[in-house]
1. Out of Leu584, Leu577, Leu598, report the one residue that is modelled with pLDDT of 80 or more and hydrophobic (A, V, I, L, M, F, W, C).
2. Those residues that are among the β-branched types (Val, Ile, Thr), assigned to a helix (DSSP H, G or I) and crowded, with 22+ Cβ neighbours inside 10 Å, I need them from the range 173-215; list them, please.
3. Please work out if Asn38 is closer than 26 Å to Ser91 by Cα and surrounded by 15 or more Cβ atoms within 10 Å (Cβ to Cβ).
4. Residue check: is Ser380 of a type in the set (S, T, N, Q), in contact with an Asp or Glu (Cβ under 9 Å, 6 or more places away or on another chain), closer than 30 Å to Lys433 by Cβ and surrounded by 15 or more Cβ atoms within 10 Å (Cβ to Cβ)?
5. Can you name the residue in the range 364-387 that is in contact with a strand residue (DSSP E or B) (Cβ under 7 Å, 6 or more places away or on another chain) and assigned to a loop (DSSP other than H, G, I, E, B) and is also farthest from Asn331 (Cα to Cα) among such residues?
6. Give just the number: which of (1) touching a His at 6+ places or on another chain (Cβ under 8 Å); (2) surrounded by 18 or more Cβ atoms within 10 Å (Cβ to Cβ) does Ser487 not satisfy?
7. I'm checking my understanding of the structure. Among residues of the range 389-406 that are touching a residue at least 12 places away in the same chain (Cβ under 8 Å) and assigned to a loop (DSSP other than H, G, I, E, B), which one is nearest to Lys355 (Cα to Cα)?
Amino acid sequence: MSQLNINGLTKSFGDLVLFEDITFGISQGQKIGLIAKNGSGKTTLLNIIAGKEDYDSGSVVFSNDLRVGYLEQSPVYPPELTVLQACFYSSNETVRLIAEYEQAMKEEDHPNLEDILLRMDNLKAWDYEQKAKQILGQLKIHNFDQKISELSGGQLKRVALANVLITDPELIILDEPTNHLDLEMTEWLEGYLSRANISLLMVTHDRYFLDRVCSEVIEIDRKQIYQYKGNYSYYLEKRQERVDALNADVERANNLLRKELDWMRRQPQARGTKAKYRIDAFYELEKKAKQQRDAGHVNLDVKASYIGSKIFEAQHISKSYGDLKIVEDFNYIFARYEKMGIVGNNGTGKSTFIKMLMGEVEPDSGVFDIGETVRFGYYSQDGLQFDEQMKVIDVVQDIAEYVDLGDDRKMGVSQFLNYFLFTPEKQYSYIYKLSGGEKRRLYLCTVLMRSPNFLVLDEPTNDLDIVTLNVLEEYLKSFKGCVIVVSHDRYFMDKVVDHLLVFRGNADIKDFPGNYTQYRDWKEAIEQQEKEEEAIRQSKTNPVPEKSNRSQSEPKKKLSFKEKKEFEALELEIPALEAEKAELESAMSSGVLANDELMAKADRIAKVMEEIDEKTMRWLELSELA
């Protein structure tokens, strides 16, 4: 059943056409990821669908009574609202009904109360506040009475995300939902959206998230859309086939163009007698031959300035804010050409650590001893500040006239910007005309243009499109210097870094020799090992009584046929129960269960855990005889 139909949609801003005559639909249960370069109209398209922006022509048609939730890139709420009140700031039917109930209770005769109570039961409106608190808790928002005006941008985005999820929409539209989520929250949301029986249209740069949640990808490219019936991995494969086909088509057009050009130039005095269809065909071929072959292909090999063997040493660094410890007696020697990733939940001190390294925050004790040849290039979360009336190319030219490629090779500013996907037309645009992602990309260019030998990037992936991320990843992999990256983008970290500092909270910092996926696998293996060790400790605390006092010289009893079958069955039953327990825990923490469902699952998980204990003890007993 189709829930949304987009037909012949066109949108432009003056001479800039974002997309033209695009058509697609969303059916019940479809989960679609929307991909495009920054400035191609992703957010504009979502705003049009949500009714927040006009369009030039076409139509946007929803099915009747469809419940739609929309997470904007930069949500806004009245500043006087509390966090919990913001979760009720919605035109959702359930929220309207709760307001109707509260109004009825204020009046003496309680008008229509019986009808309201019946509708409250049907919509499970009694659970709404509890559900709101559960989802806010998953998103690390615990002070429900805090004013919206007191929240950071990241906290506000998470409150808005909770607001969307709580309203139980049938179609969810999400613009960069993983921005400002730490890894734990991202993985929770990934699981929530994967399991939920909803339709989804989403813009995200998190490629693991896109791959695991979405079953279809729509790409806006050259003002048109291309649809791919598969996840992100499938999209990459099929898009490359499309690009290869386009390249072959362009090459054929170039070959034909050379012949046609020769024909057009012959006998100019007879030009009027040439067949009109041949002349028209020539101009069509010329247009095709000038097509860009692959917008995402970048090969940027910029020379970093010389860096010596001494980079920096962290010597007995300690930092805390009241009872919150960031680092305590931390020591580290950073190696030449090291590429380090810093990960951890929000609030564990990742950005504070970076600011101490950069000299923006003083440690309580200890020092960072930095080598004399180190030349930092610092991309910070707060560094995006431009004169909006300047042109793109002027901003970069104010830093340097060229980029040093080594071997007496130089790259001009315009060519450098082109590598970072600023077309010649865009280079002469004013800053105020750029999208948020384009401004981030320009900020990145200003950092790299200074030829640093040590890049420190604090959340560089926020608001960058996937094409730009590919460019940045290739740049960092070939960068002949040192790199520290703070990011929640798992895919980005896997491609760029060779080891991690994991901030686990309360000054607990783990130095892990691998990328994020390797760390995640290691962490899961450790957790599984701890569970098994706990089961063994439990079995020793409550040992199975001996049935006979066999002497040590008595031969060990062998498993009977029946016991052997029981042992084999237990080896299948225990993992199945563990899997059921994990599913129950996930469901109970999802925030979507009604109270009766929550109680039922709580009863079941208690029984499952009891069965696991009993069967584990029996398995240990039989394993002694196996």
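1. None of the other options fit; the residue is Leu577.
2. Across the range 173-215, the qualifying residue is only Val213.
3. For Asn38, the condition - closer than 26 Å to Ser91 by Cα and surrounded by 15 or more Cβ atoms within 10 Å (Cβ to Cβ) - is not met.
4. When the stated conditions are applied, Ser380 passes them.
5. Here is the first cut: in the range 364-387, the ones in contact with a strand residue (DSSP E or B) (Cβ under 7 Å, 6 or more places away or on another chain) are 364-371, 374-381.
Filter once more, keeping what is assigned to a loop (DSSP other than H, G, I, E, B): 364, 371, 374-375, 380-381.
On the way: Asp364: 14, Gly371: 16, Val374: 19, Arg375: 22, Ser380: 24, Gln381: 25 Å.
Among residues in the range 364-387 that are in contact with a strand residue (DSSP E or B) (Cβ under 7 Å, 6 or more places away or on another chain) and assigned to a loop (DSSP other than H, G, I, E, B), the one farthest from Asn331 (Cα to Cα) is Gln381.
6. The one condition Ser487 does not meet is (1).
7. Ile399
For every residue, the table says whether it meets (1) in contact with a Leu (Cβ under 6 Å, 6 or more places away or on another chain); (2) surrounded by fewer than 16 Cβ atoms within 10 Å (Cβ to Cβ); (3) free of Cβ contacts under 8 Å to residues at least 24 places away in the same chain.
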position	(1), (2), (3)
Leu4	no, no, no
Gly14	no, yes, yes
Phe19	no, no, no
Lys31	yes, no, no
Val61	no, yes, no
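The values are calculated or read from the model by the stated rules, or taken from the named source; none is laboratory data. Predicted model, so just to flag it, every value in this text is computed and none were measured. Glycine gets a Cβ as well: all are built from the backbone with ideal geometry, and neighbour counts include every protein chain shown. We work out accessible area using only protein heavy atoms, side chains counted, and drop any ligands, DNA or RNA first. Shrake-Rupley method; radii C 1.70, N 1.55, O 1.52, S 1.80 Å.
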